[in-house]
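Q: Here you go, one structure.
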Amino acid sequence: MRNIGRLIYRYHIFLVFLALQLIAFALLVKNNNYQESVFINTSNHLIGSLYEKRAAFSDYLKLSDFNDELSAENAQLKSKQLENFMDLENGTIVVNDTLFVQRYEYLPAKVINNSVNTRNNFITLNKGSVTGVKPEMGVVANGAMVGIIKDVSKHFSSVMPIINPNFTASIKLKKGNDFGMLAWKDKDPRYAQILEIPKHANVQIGDSVITTGFSSFFPEGLLVGTIAEIDAPEGENFYNIRLLLKTDFYKLSYVKVVSNLMKEEQLNLENVEQP
C-alpha cells in the first residue's frame, strides 16, 4: 500500500494532467454534435469488433453443438428432396405453378453478444443495414421464435428477444387454434407466459404453441414452446399458462433474420382499413 502511495506521489503531476485531458475531451464531445457523432460511431464499431472476437472464441468451444444442429437441419432438408418420394402413378407431370409466390426470405446471422439475466435482455448480431437488416424484422433459430430486430447500424443489429418484458407477440395453440398473447414476466429465461387463453379452450401440459402469422414479423407455424404449467384462477375468464420456450437462449449462437417480402403491401392495406 505504501509503494502505491509513493508511486502516485511520484507521478501526481502527470496523473492530474491526464485527468484534465479526459475532462476536456468529454466536454468537447458533449458540446459539439460533429465530435459526438464521430465518437459514438467509432466506439460502436470498436465495441462491435470486441463482441465479434469474443463470440468467435466462444463458438470455437461450442463446435460440437454446432455440428449436431447442422447435421439435424441437413437431415431434415435432405428428407424433403424429390428423390426421397415415390411416384405412385409411374409418370412425370410438370406444372408451372403460378398460385404461389415467395413471401419470406431468411438471412443467416451470428450472435456476438447475448444477455439472459438482466431486466431488459438483448442480443447483438453481426449483420446490419449493409446486408439488408432493418428494424422490426423477425429473428428465428432452428424453426423457433427468438425475437424482433430493434436497432440497426451499418454492420450490426440489436434484437429484443422473447425474454424481454417489452416483447409481445400473438400466438396460438397448435392443437386447438385458440389465440393468445406471449409475454415475459419471468426471471427465468427458459420460460414465458401466455395470456388471454379462455378457460373453455382445451389446454394440456405438453401442448405445442406456435406463431399465428398475424404480424408482419413471423410466418405462421413457427414453434414458440410447450406448455409447462396451467393455472385456472377462480373468478377469471382466462388461464394463467407458463410456457417452456423452444429457444435455449443460453446456447444461442446462430440465427436467421426474417424478411417479409410482402410487409409493405400488408401494412399499406391495413392502414387504409383503419378509420
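The values are calculated or read from the model by the stated rules, or taken from the named source; none is laboratory data. This is a predicted model, so every value here is computed, not measured. Neighbour counts are summed over all protein chains in view; Cβ atoms, including those assigned to glycine, are modelled from backbone coordinates with ideal geometry.
Q: Among the numbered conditions (1) under 17 Å from residue 190 (Cα atoms); (2) at pLDDT 90 or above; (3) of a type in the set (S, T, N, Q), tell me where residue 142 comes up short.
A: Here residue 142 meets the rest and fails (2).
Q: Being closer than 20 Å to residue 260 by Cα and crowded, with 18+ Cβ neighbours inside 10 Å is the filter here; which residues of segment 102-125 pass it?
A: Answer for segment 102-125, where residues must be closer than 20 Å to residue 260 by Cα and crowded, with 18+ Cβ neighbours inside 10 Å: 109, 125.
Q: Does residue 153 satisfy the condition of being touching a residue at least 60 places away in the same chain (Cβ under 8 Å) and either surrounded by fewer than 22 Cβ atoms within 10 Å (Cβ to Cβ) or assigned by TED's automatic domain parsing to the domain that holds residue 215 (or both)? Explain how you work it out, then say what you get.
A: Details: touching a residue at least 60 places away in the same chain (Cβ under 8 Å): yes; either surrounded by fewer than 22 Cβ atoms within 10 Å (Cβ to Cβ) or assigned by TED's automatic domain parsing to the domain that holds residue 215 (or both): yes.
Yes, satisfied.
Q: Same structure, new question: Based on what the data block shows, is residue 261 in contact (Cβ under 8 Å) with a residue 40 or more places away in the chain and either under 19 Å from residue 167 (Cα atoms) or of a type in the set (D, E, K, R) (or both)?
A: On the way: in contact (Cβ under 8 Å) with a residue 40 or more places away in the chain: yes; either under 19 Å from residue 167 (Cα atoms) or of a type in the set (D, E, K, R) (or both): no.
Here the answer is no, as residue 261 does not meet what is asked.
Q: If you check every pair at least six apart or on different chains, which have Cβ atoms under 6 Å apart with a residue in segment 230-242 that is at negative phi first and a residue that is among the small types (Gly, Ala, Ser) and at pLDDT below 90 second?
A: If the second residue must be among the small types (Gly, Ala, Ser) and at pLDDT below 90, the pairs left are 239/232.
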